[in-house]
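Working notes, beginning with the structure itself.
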2 protein chains.
Amino acid sequence: MTTPGSLADDERSGGDRAGGGNAGGESAEDGPAGSGGRRRVTISDLARRLHISKASVSYALNGRAGVSEETRQRVLDLAEELGFHPNSAAVALSASRTRTIGIVIARDPALISTEAFYMRTLVGIEQYLNEVDSSLLLRLTGEHGEDLDVLRRWSRQGRVDGFILFDEHDDDPRIPLLKELGVPVVVVSSNDPDDEVGRLISSPIETVALLLDHLAELGHRDIAHISGPFTFVHEQLRVRMLQEYADRRGIAVRHVEGSYRYDDGAELTRRLLTDPNPPTAIVLGNDLMALAALRVATELGTKVPDEVSILAWDDSPLCELAGPGITAVDQKTMERGRAAADLLLRVAGGEPDLHEEAPAGELRVRESSGPAPKN
Amino acid sequence: MTTPGSLADDERSGGDRAGGGNAGGESAEDGPAGSGGRRRVTISDLARRLHISKASVSYALNGRAGVSEETRQRVLDLAEELGFHPNSAAVALSASRTRTIGIVIARDPALISTEAFYMRTLVGIEQYLNEVDSSLLLRLTGEHGEDLDVLRRWSRQGRVDGFILFDEHDDDPRIPLLKELGVPVVVVSSNDPDDEVGRLISSPIETVALLLDHLAELGHRDIAHISGPFTFVHEQLRVRMLQEYADRRGIAVRHVEGSYRYDDGAELTRRLLTDPNPPTAIVLGNDLMALAALRVATELGTKVPDEVSILAWDDSPLCELAGPGITAVDQKTMERGRAAADLLLRVAGGEPDLHEEAPAGELRVRESSGPAPKN
DNA sequence: CTGAAAGCGCTTACAG
DNA sequence: CTGAAAGCGCTTACAG
């Protein structure tokens, strides 16, 4: 059996460049075995070797006034040579900046891992954070309100510089909580209330227009909408805007509340298609339900798109790879994530402008939508 | 225009319980406007109010000896009342414990967001971290070696207590690097070298047996394997073990190296199926390629499973929801993530036993596999 | 331009 | 059982 001690003993074997210098020259022997690796290089080390004060080192490293160019360069060179990286806890403690943003997602784990939405959002956020050398502290809680605890705890603990919030609910308690805690927040939002928190806004009206214009052109006059749960603000808005837009274009819409789950999408679609007067097109609130709709149609012998068109609100690999491919709106999820992170850092930095429009979506027309059947 | 200042001014409006007490009693006026919220409660505050020392407060909060039960209770009660949470930077700085583990994934963003594997793994890890009140620091870098920088930086910065590594390569540079840095590591691994880092091991032999036993029973004697890139250790092992096991059972296997990408899976499958002597079954290294294989077969008019069986190494919603459903091995990804996090925390805690077996996989038989065609 | 010193909020020997 | 004090590794006024 190997012990952590032997792990540390083995350090010499690595042939790595940075830190390889003589960082260990002063105290290569670690303290208590297993406590983890060689002593880290600190600004005190740099100061001592360069015969200057810690303050000067700090100024030099942070690009602040207070040191000559020459001194600064000597500091930077030595830091590079020794592989110095400032202890993040010390920086956080003295400067109250963590270079970390927090995301807490309170959804059913099964859904989180099935829908590509979250991962694509995270990828987008990460792309931005990489560029500005910040990090993401992530927590996936269940759906039972533990998320509030985590938000509160992380705020009080000073673990993050701010939060990005998803899945806004009616009277979402997270927003007053974080406002009270005084933590910068950006809500990835579908509406634009003036509640003085950061919001990256993408109104559903855009998607509504893309979907309904497409369907109207194809001659559909009688459609159905299987939404996600109405507890989400964006679902309420989708229903309302879809209805209004459809009214204006003389299209009838029946709304059914779904749960985003496959089974549910299947069941609700079945009911619609076996109705004596079925709709000629169904818009589903997410990719999973759209796929379910596709399957049920096939199962019932209802031809897609000849007898019914199937469209999804939110594009994804599932829509793209389904057979037939499902017409959907590419919500630019990665770009949206990126933009949210960017906005949060600006809000945290004191930027007065809290609201911003998200990048526009685009319709991806595939085989699942076609002309309305004439009957 | 709203300003961060006005954001802070608005704090009173929240009606939240914790911290609502009289935490602001001493200095409700924030410092510089916009710097974020009311002053946090610290152990000094607790000590002052209870007329005891900071040390006693610390002992009480951490459940250590050094305070009477009565004092401890008074401290805990007050902490609860004021919504006290220890500043994580201060704890990290003085105790060198961050309660955070790091994960750096260096893969093509498109792949990360398409394959459910990573998200399911993260969910599993999170489930465990939730229970032990730890957090995940996540970074998704591209495939260009920036991951080494991040690992080095996070280590030197003392940001994490350890790392979980995925996607081990040949002579993976991350392992010597982290050993040299002296940071606890767990590699989610497919083999068991004695290299003194933590390893959660799941040998491919298990999956090989599940797949080949199934195919042998169905009468297949001539199969193909479209793998992922051989740069991954697990892919090399899969090929070797598949070959050995097939040899023993008198099954011929041709191996083709794929990339995990849909297009690639399609192209390689096309070649196999248009061969004058096509295999009767194809095992694909991931779900995307398996789906591609299914599509190509359909396109070529090759019936699945009557003329060719399609199986995937790794189950996923894509396999489950495909039509026909794709037979695949459920690798227990969430459980594996959980186990990896658990092992890492134990390794970091000084546990001598570095290696552990991952939970076993299970075959999910679906419509894409059937008896070998007689010809 | 540079240094000595206080402070961020904890933990932890060390005396009482 | 309790308190005074040093220390973790930085940053930041404040004097020179």
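Of A:Val57, B:Val304, the order by accessible heavy-atom surface (1.4 Å probe, DNA, RNA and ligands excluded), from most exposed downward, is B:Val304, A:Val57. Peptide A:322-332 shows a mean partner chain C-beta count of 1 within 10 Å per residue C-beta. Taking amide hydrogens as placed 1.01 Å from N in the peptide plane, the amide H of A:Ala312 sits under 5 Å from those of A:Leu284, A:Thr327, A:Ala328, A:Val329, each at least 5 positions away in sequence or on another chain. In the stretch A:300-332, whose amide N lies under 16 Å from the spot 7 Å out along Cα-to-Cβ of A:Arg249? List them in ranges. Within reach of a label on A:Arg249: A:309-314, A:327-330. The residue list B:Ser44, B:Leu178, B:Ala106 was ranked by how far each Cα lies along the charge dipole of the stretch B:42-192 toward its positive end, using unit charges on Cβ atoms, and B:Ser44 comes out on top.
For B:His355, the accessible area of its heavy atoms, probed at 1.4 Å with every protein chain present, is near 60 square angstrom. A simple charge model with +1 on the Cβ of Lys and Arg, -1 on the Cβ of Asp and Glu and nothing else charged puts the dipole of chain A at about 720 debye relative to its Cα centre. For the pair A:Ala65 and B:Glu362, label points projected 7 Å from Cα toward Cβ lie 6.8 nm apart.
Peptide A:149-155 is shielded by partner chain Cβ atoms: per residue, an average of 4 of them sit within 10 Å of its Cβ. Averaged over peptide B:111-120, the number of partner chain Cβ atoms lying within 10 Å of each residue's Cβ comes to 6. In the stretch B:63-209, inverting the average of 1/r over every pair of distinct C-alpha atoms gives 17.9 Å as the Kirkwood radius. Sparsely packed loop sites in the stretch A:83-186 (the GluC sites (Glu not before Pro) outside DSSP H, G, I, E and B with at most 15 other Cβ atoms within 10 Å) comprise A:Glu143. Under 19 Å from a label point 7 Å along Cα→Cβ of B:Lys374: give me every residue in the stretch B:202-220 with its amide N that close. Answer for the stretch B:202-220: B:215-220.
Helix B:204-217 axis versus longest C-alpha principal axis of chain B: approximately 40°, rounded to the nearest ten. Measuring nothing but alpha carbons in the protein assembly as shown and taking Rh as the Kirkwood radius, the Rg to Rh ratio lands at 1.00. Within a straight-line Cα-Cα reach of under 12 Å, B:Lys303 can be paired with the following aspartates and glutamates, leaving aside sequence neighbours fewer than 8 residues apart in one chain: B:Glu367. The apolar share of the surface of the stretch A:31-86, taken as the fraction of accessible area on carbon and sulfur atoms (1.4 Å probe, ligands and nucleic acids excluded), comes to 50 percent. Dividing the helix sum by the residues of chain B, where each DSSP H run of 4 or more adds -39500 (n - 2.57), gives a mean residue ellipticity at 222 nm of -13000 deg cm²/dmol. Summarising the label geometry, the points placed 7 Å from Cα in the beta-carbon direction at A:His169 and B:Arg39 lie 3.5 nm from one another.
Placing a label point 7 Å from Cα along the Cα-to-Cβ axis, A:Glu351 is separated from the same position in the other copies by 4.4 nm, shortest listed first. Under 19 Å of direct C-alpha separation, and excluding same-chain neighbours fewer than eight residues apart, A:Lys374 reaches these aspartates and glutamates: A:Asp213, A:Glu217, A:Asp222, A:Asp275, A:Asp306, A:Glu307.
Only the Cβ atoms of Lys and Arg (+1) and of Asp and Glu (-1) were treated as charged; on that basis the dipole of the stretch A:204-331 about its Cα centre amounts to roughly 320 debye. Here B:Asp264 sits with roughly 40 square angstrom of accessible surface, probe radius 1.4 Å.
For chain B, the orientation-averaged shadow of the C-alpha convex hull comes to 25.0 nm² (one quarter of the hull surface).
A simple count of charges around A:Val239, restricted to other residues whose Cβ falls under 12 Å of its Cβ and scoring Lys, Arg +1 and Asp, Glu -1, yields 0. Inter-copy label distances for B:Arg39: 3.6 nm (label point placed 7 Å from Cα along Cα→Cβ; shortest first).
Between 0 and 90 degrees, the angle of helix A:146-157 with respect to the longest Cα principal axis of chain A falls at about 30 degrees. Note on the stretch A:257-298: dipole from Cβ charges, positive end direction compared against A:Thr298, A:Gly258, A:Asn277; the farthest Cα belongs to A:Thr298. A 1.4 Å probe run over the protein assembly as shown, with the rest of the protein chains in place, finds 41 Å² accessible per residue. Excluding the site residues themselves, the longest part of chain B lacking any trypsin sites (Lys or Arg not before Pro) in a DSSP loop with at most 16 other Cβ atoms within 10 Å is B:98-220. Shape summary of the stretch B:204-329, radius of gyration then Dmax from alpha carbon positions: 12.9, 35 Å. Seen from every direction in turn and averaged, the convex hull around the alpha carbons of the stretch A:60-103 projects onto 4.0 nm².
The values are calculated or read from the model by the stated rules, or taken from the named source; none is laboratory data. The shown structure was predicted, so the numbers you read here are calculated from the model rather than taken from an experiment. Here the Cβ is made from the backbone with ideal geometry for all residues, glycine too, and neighbour counts use every protein chain on show. These accessible areas exclude ligands, DNA and RNA; they are computed on the full protein's heavy atoms, side chains included. Shrake-Rupley method; radii C 1.70, N 1.55, O 1.52, S 1.80 Å.
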